[in-house]
Amino acid sequence: MATQNSEKKMKVPQYGEPPYRFRTFWAIVLLAVNFLVAAIYFQIFNI
């Protein structure tokens, strides 16, 4: 019975690298904003 349920589910590929472009893009954007806020806080940028 368990084998029938597992066969009906979609198979997940166990090879290759998943695309991390979206996650990497947002990580870089958040890091840049973090440095900008830190620069404003430490008065490197006087805005």
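The values are calculated or read from the model by the stated rules, or taken from the named source; none is laboratory data. Keep in mind the model is a prediction, meaning the values are calculated, not measured. As a convention, Cβ positions derive from the backbone with ideal geometry for all residues, glycine included, and neighbour counts pool all protein chains shown. With ligands, DNA and RNA removed, areas are computed over all heavy atoms of the protein, side chains included. Shrake-Rupley method; radii C 1.70, N 1.55, O 1.52, S 1.80 Å.
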Candidates ILE40, ILE44 - the one that is modelled with pLDDT of 90 or more, more than 24 Å from the chain's Cα centre (by Cα), assigned to a helix (DSSP H, G or I) and surrounded by 10 or more Cβ atoms within 10 Å (Cβ to Cβ): ILE40
Test set (1) modelled with pLDDT under 70; (2) open to solvent by 90 Å² or more (accessible area, probe 1.4 Å); (3) not acidic (Asp, Glu) - ASN34 fails condition number: (1)
Pair list, Cβ < 8 Å and 6+ apart or interchain, from segment 35-47 residues that are at negative phi to residues that are surrounded by 11 or more Cβ atoms within 10 Å (Cβ to Cβ) and in a helix (DSSP H, G or I): PHE45/LEU36; PHE45/ALA39; ILE47/ILE40
